[in-house]
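Structure, as structure tokens:
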Amino acid sequence: MTPFSPITRADCEALDRQDPLGTLRTQFSIPPGLIYLDGNSLGVLPTAAAARVAQVVQQEWGQGLIRSWNSAGWMALSQRVGDKIARLVGAAPGELVVADSTSVNLFKVLSAALHLAGVTRHEPAPGADGEAAHSPRRDVIVSERSNFPTDLYIAQSLAQQHGARLELLEAEEIPARLSGARGQDVAVLTLTHVNYRTGHMHDMAALTAQAHAAGALTVWDLAHSAGALPVDLNTAGADFAVGCGYKYLNGGPGAPAFVWAHRRHVSSAWQPLAGWIGHAAPFEFTPDYRPAPGITRYLCGTPPVLSLAALECGVDTVLAAEPLGGMAALRTKSLALTRLFAELVQARCAGHGLRLVSPTDDAQRGSQVCLARDEGAYAIVQALIERGVIGDFRAPDVLRFGFTPLYIGHAEVWDAVEHLRQVLDGGAWREARFQQRQQVT
Ligand SMILES: Cc1ncc(COP(=O)(O)O)c(C=O)c1O
């Protein structure tokens, strides 16, 4: 990070006036006065989504009814929106579909990866007693100890089912675990590209190459990357990926997720949720499962049409940046915003016990800045929310702020830090009403 030069609010306003991406904000309905630093948890409402969903409800559903599966292209929505997301993550058309939740998709791809790696439960050979002499095998799933809980729970569950072992490491321990003789028992490396609690970004290409050199496969969770920063799955040579529709893709609460498998695996890997929409010919209603060609086999049940319609509008807001430099330009702005926020907090909130958790190195930072504080992190976030600055809290001690470059400006960053300074200086966060833990933090 370059040394911090004092910057004023007027400087921030000037940066916003010169911002070539500034017009993209007009695509969204953001309540006036709100500084929304939580697009990493739930993206804001694209203005087009309300009208589009109303149209799907009133015309396609209301008037077209069952005919709309054909006439309104409902059956192709998972693929159509998938092709749009593919453009944001370095995948080719036809390689990615929208389906289910991130958790469910992770179950599918991790199962497929374990299957490809030959990890199956070791049954003792007939007649063998007790400790059968097992041949050495790859049976370890490696992940990061601070990975998002759903990723760890799904991996734990699959490890149990397959008689495999889940090994959790610190990020910096992973390369050594993959190298030389130590890597020989690793079947799958599964990581979230950008850590949800720290904003630390892994080097996808380097870790994928290391995993492959060890003979292991990779599964990437792009929940905090897709739509936030450039991702190039094919160039990285990744094996499988999943990601989230409701964060930086602005798809709305509970928006469906996406799933991608490299073309070298897609038709050979077995995914366990063999539902009829992933069948090669669903409307032949045959009793036996025959997987559809390609990524379509990762679909399971009936597509959520209303949610897909909203998600498509969200993805379109990110694609609208393509003529302005696309993900590379969004990344440049995102880094400027996160750097500005971290530097302003350091300069203006010093002495209040805040620790910067996110990397200062641009190459290792996602699109969020996390601060830790021993006392009151939850209450400080609540006090900020009351003032119209929305971030979130991640237990036990993290204040998390996401910066979606599509709609956040430099002056808002300045104002957010000013609110934080006032909340800390005045001690407002100590008030009883800010201590009450809500269900969603
Ligand atoms: C890294 C990561 N993976 C997965 C999820 C959630 O997955 P799901 O959509 O299944 O709830 C989140 C949610 O915040 C997340 O941060």
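Here are the numbers for this structure:
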item	result
Computed lengthening from Ala206 to Thr26, 0.36 nm per intervening residue step minus Cα-Cα distance	61.0 nm
Dipole magnitude (debye, nearest 20) for the range 287-374, charges at Cβ of Lys, Arg, Asp, Glu	240
Accessible surface, the range 263-325, averaged per residue in Å² (probe 1.4 Å)	47
Per principal axis, descending, Cα span of the range 144-298 in whole Å	51, 38, 30
Table column - 3J(HN,Hα) (Hz), the range 7-19, Karplus curve with 6.51, -1.76, 1.60, x for Gly and Pro	10, 10, 4, 4, 4, 5, 4, 5, 4, 5, 5, 8, 5
Cα gyration tensor, the range 227-273 - rounded (a/c under 1.5), prolate or oblate	oblate
Rounded to 10°, Cα long-axis angle of helix 204-214 versus longest principal axis of the chain	30
Semi-axis lengths (Å, descending) of the ellipsoid that matches the C-alpha gyration tensor of the range 316-365	29, 11, 8
Cα centroid of the range 405-432 to Cα centroid of the range 162-237, whole Å	35
Span from the the range 343-389 Cα centroid across to the the range 75-104 one, whole angstrom	34
Whole-Hz ³J(HN,Hα) from phi, Karplus 6.51 cos²θ - 1.76 cosθ + 1.60, for the range 65-70, glycine and proline x	6, 4, 4, 5, 4, 8
Selection from Ala164, Tyr289, Pro272, by position along the positive dipole direction of the chain (Cβ)	Tyr289
FRET efficiency for Arg430 and Glu170, using Cβ-Cβ distance with R0 set to 35 Å, rounded to 0.05	0.55
Accessible-area composition of the chain, carbon plus sulfur, in percent [1.4 Å probe]	56
Alpha carbon Rg of the chain, scaled by the compact-globule rule 2.2 N^0.38 Å	1.04
For the range 37-121, radius of gyration divided by Kirkwood radius, i.e. Rg to Rh on alpha-carbons	1.09
Assigned charges on the beta-carbon of Lys, Arg, Asp, Glu; the chain dipole about Cα centre (debye)	420
³J(HN,Hα) computed for each position of the range 44-51 - Karplus, 6.51 cos²θ - 1.76 cosθ + 1.60, integer Hz, glycine/proline x	6, 7, x, 4, 5, 5, 4, 5
GNM result for the chain, Cα springs below 10 Å: residue of Phe393, Phe403, Phe258 fluctuating most strongly	Phe393
Candidates Gly62, Gly215, Gly254, ranked by Gaussian network fluctuation over the chain, Cα under 10 Å, top entry	Gly62
Mean shadow area of the range 350-441 over all directions, Cα convex hull, nm²	6.3
Given charges at beta-carbon only (K, R positive; D, E negative), |dipole| of the range 366-440 in Debye	180
Fluctuation leader among Arg145, Arg182, Arg339 - the chain, Gaussian network, Cα springs under 10 angstrom	Arg182
Anchor Lys108: lysines whose Cα lies under 26 Å away (excluding residues fewer than 8 positions away in-chain)	Lys84, Lys247
Beta bridge orientation in the chain: antiparallel %, DSSP, nearest 5	55
Ala51/Leu324 FRET efficiency (R0 35 Å; Cβ-Cβ; nearest 0.05)	0.90
Three principal axis lengths of the range 224-379 [C-alpha, angstrom, descending]	68, 36, 28
Hull shadow area, averaged, the range 1-64 [alpha-carbon convex hull, nm²]	7.2
Simple label model, 7 Å out from Cα along Cβ direction - Ala213 to Arg355, nm	3.3
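The values are calculated or read from the model by the stated rules, or taken from the named source; none is laboratory data. On a predicted model such as this, the values are computed, not experimentally measured, just so you know. Cβ atoms come from the backbone with ideal geometry, glycine included; neighbour counts cover every protein chain shown. Ligands, DNA and RNA are excluded from the accessible area calculation, which covers all protein heavy atoms including side chains. Shrake-Rupley method; radii C 1.70, N 1.55, O 1.52, S 1.80 Å.
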